[in-house]
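What follows is a short report on a single structure.
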Amino acid sequence: MSDVPMDHARLKRPDLSEARIRGRYAAERRFRFYGQFAVGLAIAMLGVLLFSVCSKGYSAFYRAEIALDIMLDPAVITPDGKSDADTLASADYQGLVKEALKAQFPEVTSRGDRKNLFNLVSNGAGNSVRQAVLADPGLIGSTQRIWVVAADDMDMLAKGFIKRDLPESERVVSDTQIGWYDKLDAAGQLRTAFNAVFLSAGDSREPEQAGILGALMGSIFTMLVTVLLALPLGVMSAIYLEEFAPKNRVTEIIEVNINNLAAVPSIVFGLLGLAVLLGVFGLPRSAPLVGGMVLALMTLPTIIIATRAALKAVPPSIREAAYGIGASPLQVVSHHVLPLATPGIMTGAIIGLARALGESAPLLMIGMVAFIVDVPHWPTDPATVLPVQIYLWADSPERAFIEKTSAGIMVLLAFLISMNAIAIFVRRKFERRW
C-alpha cells in the first residue's frame, strides 16, 4: 500500500492548460501554411517556366510574308514548251522572285545593293510561286501578285526583335534594307500569316523554312517502338517475378540487378545500343527503330519496379477468395490481381515513358543527332527526336532559331501532356476500388 502514492507521484499528467492547447493549434496552422506555401511556390515556378517558354516561342507560329508582282515567264517555266509536272516543278522560280524584286526597286542597280535586296526574301520564296503554278498552270504567261516568305532577318524585324534605334553596325539589317522594308509596308505588301511550314516540314538551315514535323514524327515512331517493347516485357517480367518465380538466390540476384539498372545513367544504354544494335546486328543508324529499342531497355527497370509495387498493393484477400472458388494461379493473376493493379502499372508506365521522351543522351550515341530534312514515314527511316531537335536549334547562331527552340519546347510539352492524358484515361478506365 505504501507504493501506491509513490506510483501516483511518478505519473506525469499531461499539460492540458489553455496556453499549451493554443500552442499546439498554432503549430498545426504553421505546418499547414508551410505545405500550402511549398505547393504555391512550385505552381508559381512552373507558371514562370511556362510563361518564359510561351512568351519566346509563340512568335514562331506566324511569319512575315511579302507580296510581289511576279511575271510567270514561259521562257523560264517551260523553256522547251513542255508543261508536264516534272518540268513545272523544276523551273527556276527563285529567279522569277528576284526579277520581281528588281522590277519593284528599279533604282537598285549595283551588285552589292541587289544582293542586299534579294536578302529581303527567303531562299525558299520560290516555293510559293511553284505551288501557285502547279495548282493552276494556266497562270503561266501572266503577272500574279503572290505572297512569298520573307527572310529570317526581315521576319525578326517585323516581329520587333531587331531594334531600329540601334546603330547600323550593331544590327544584322542595314538602314537601306529597313528603308525597302518600310516602302513595302507602306504599299501594303507586308503581312504576318500563320506559319504552317513550322508544323508541316522538316529541319532546314534557314530558320524561316525550318519545321518541327520531322522531329515530331521521329518522336512518335520512337515512343511507339518503346511502348510496344517495354510495356509488355516489363509487365510480364514483373508478374513472373512477383507471382510465379520461386524465391531463391537466382531471383534475388535478378531483383538486385533490376534495381541497379534503374539508376544507371542513360548514356550507358546509348553505348549499349551503339555497340550491340548497330555494331553487331547492323541495324540502321539514326532510325527510330533503334532509338525505341534503346529507350525500351532504359525504361524496362522502371516499369518492372512499378508493376511489382502495384501487384504487391493488391490485398491478399483477393487472391485467397479467387483460390477459394477454384481458380488456377494463372486465372487468379489474369482475372483478379492484374485488373486491380492496372492503375499502378499505368502510373509506372507514365513515369518511364515521360523519362524516355525527354532523353537525348542515349539517342546521340546512335546517330539521331544528324541533320534530317525529310519527314520520316517509317520507323526505319532516318530521323531525329524532339529533344535533340531542340538542342540543335538552341546551338544555332541565328536569332530566329531562338523562337524555334522555345516553340519546339512547346510542342514537346504538348506531346508529353497528350501521352500522359491517354495513359491517365486508360488508368481511370481500369481503376477499381476495393
Could you say whether any residue in segment 417-428 is on the phi > 0 side of the Ramachandran plot, of a type in the set (Gly, Ala, Ser) and open to solvent by less than 50 Å² (accessible area, probe 1.4 Å)?
-> no
Kindly establish whether Arg399 is surrounded by 14 or more Cβ atoms within 10 Å (Cβ to Cβ) and modelled with pLDDT under 85.
-> yes
Over segment 372-389, the set of residues of a type in the set (Val, Ile, Thr) and in contact with a Leu (Cβ under 7 Å, 6 or more places away or on another chain) is Val375, Thr380, Val385, Val388
Residues being touching a residue at least 24 places away in the same chain (Cβ under 8 Å) and open to solvent by less than 20 Å² (accessible area, probe 1.4 Å): count how many of those fall in segment 96-145.
-> 14
In segment 359-373, anything open to solvent by 50 Å² or more (accessible area, probe 1.4 Å) and either within 15 Å of Ala394 (Cβ to Cβ) or touching a Pro at 6+ places or on another chain (Cβ under 7 Å) (or both) is listed as Leu364, Val369, Phe371
Residue pairs meeting the criteria (Cβ under 6 Å; at least 6 apart or on separate chains; first over 15 Å from Leu330 (Cβ atoms), in segment 235-263; second open to solvent by less than 80 Å² (accessible area, probe 1.4 Å) and outside any helix (DSSP H, G or I)) = Thr251/Ala245
Could you please find all residues in segment 318-372 being of a type in the set (Gly, Ala, Ser), in contact (Cβ under 8 Å) with a residue 60 or more places away in the chain and in a loop (DSSP other than H, G, I, E, B)?
-> Gly367, Ala370
Out of Gly348, Gly367, Gly358, which single residue is over 11 Å from the mean Cα position of the chain (by Cα), of a type in the set (Gly, Ala, Ser) and under 15 Å from Thr226 (Cα atoms)?
-> Gly348
Could you figure out which of (1) at pLDDT below 85; (2) over 15 Å from Gly214 (Cβ atoms); (3) among the small types (Gly, Ala, Ser) isn't true of Ala414?
-> (1)
Gly141: passes all of (1) within 30 Å of Ile409 (Cα to Cα); (2) outside any helix (DSSP H, G or I) but (1)
Please give the helices (runs of 4 or more DSSP H) falling wholly within segment 176-283 in which 3 or more residues are over 24 Å from the mean Cα position of the chain (by Cα) and exposed (fewer than 14 other Cβ atoms within 10 Å of the Cβ).
-> 249-261
Just wondering, is there one or more residues in segment 155-172 that are surrounded by 13 or more Cβ atoms within 10 Å (Cβ to Cβ), more than 10 Å from Ile66 (Cβ to Cβ) and of a type in the set (Phe, Trp, Tyr)?
-> yes
Take the residues of segment 51-95 that are part of a loop (DSSP other than H, G, I, E, B) and not acidic (Asp, Glu): which is surrounded by the fewest Cβ atoms within 10 Å (Cβ to Cβ)?
-> Gly81
Residues of segment 345-369 that turn out to be within 14 Å of Asn420 (Cα to Cα) and among the small types (Gly, Ala, Ser), as a count = 6
May I ask you to list the residues in segment 391-434 that are over 19 Å from Ile350 (Cβ atoms) and without any contact (Cβ under 8 Å) to a residue 60 or more places away in the chain?
-> Tyr391, Ala394, Asp395, Pro397, Arg433
Which members of segment 284-312 meet the condition of being open to solvent by 30 Å² or more (accessible area, probe 1.4 Å) and either within 21 Å of Ile254 (Cα to Cα) or at pLDDT 90 or above (or both)?
-> Leu289, Met293, Leu297, Leu300, Thr302, Ile305, Arg308, Ala309, Lys312
Lone unmet requirement of (1) more than 24 Å from Met293 (Cβ to Cβ); (2) more than 11 Å from the chain's Cα centre (by Cα); (3) in a helix (DSSP H, G or I) for Asn420 = (1)
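The values are calculated or read from the model by the stated rules, or taken from the named source; none is laboratory data. In this text, all values refer to a predicted model and were calculated from it rather than measured experimentally. With ideal geometry, Cβ positions are generated from the backbone for all residues, glycine too; neighbour counts draw on all protein chains shown. Only protein heavy atoms, including side chains, enter the accessible area calculation; ligands, DNA and RNA are left aside. Shrake-Rupley method; radii C 1.70, N 1.55, O 1.52, S 1.80 Å.
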